[in-house]
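One structure below.
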């Protein structure tokens, strides 16, 4: 199953959030098919698409990203 997650972040925290995101991905052994970051002034949007992964892994990743201060799920 492919799953795409979108987040909005404050660009001042961009490097820290991306670093933490990639560490979480590595720890969960998740394959990423797409990682896109778009910066617009003081805000940035981040999109991550997983290569086929179980729903449980995708949910765990979503939960852990949600714990990163400054990262908010895009509406």
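The values are calculated or read from the model by the stated rules, or taken from the named source; none is laboratory data. None of these values were measured; they are calculated from a predicted model. Here Cβ is always computed from backbone atoms with ideal geometry, including for glycine, and neighbour counts include all displayed protein chains.
Residue-by-condition table, conditions (1) surrounded by fewer than 17 Cβ atoms within 10 Å (Cβ to Cβ); (2) more than 15 Å from residue 69 (Cβ to Cβ):
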site: 7; (1), (2): no, no
site: 12; (1), (2): yes, no
site: 20; (1), (2): no, no
site: 26; (1), (2): yes, yes
site: 39; (1), (2): yes, yes
site: 45; (1), (2): yes, yes
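Which numbered condition in (1) surrounded by 17 or more Cβ atoms within 10 Å (Cβ to Cβ); (2) assigned to a helix (DSSP H, G or I) is the only one that residue 30 fails?
(2)
Among the residues of the stretch 1-20, what is the count of those that are at pLDDT below 90 and assigned to a helix (DSSP H, G or I)?
Number satisfying all stated conditions: 8.
So, in the stretch 60-73, exactly how many residues are out of contact with any helix residue (DSSP H, G or I) (no Cβ under 8 Å at 6 or more places or on another chain) and surrounded by fewer than 12 Cβ atoms within 10 Å (Cβ to Cβ)?
Total meeting the criteria: 2.
Name the residues in the stretch 58-75 that are touching a strand residue (DSSP E or B) at 6+ places or on another chain (Cβ under 8 Å) and either in contact (Cβ under 8 Å) with a residue 24 or more places away in the chain or part of a loop (DSSP other than H, G, I, E, B) (or both), would you? Show your work before the answer.
Filtering the stretch 58-75 down to residues touching a strand residue (DSSP E or B) at 6+ places or on another chain (Cβ under 8 Å) leaves 58, 61-62, 65-66, 70-74.
Result: 58, 61, 62, 65, 70, 71, 72, 73, 74.
Considering only residues that are within 12 Å of the chain's Cα centre (by Cα), closer than 18 Å to residue 12 by Cβ and modelled with pLDDT of 90 or more, which ones fall in the stretch 22-75?
37
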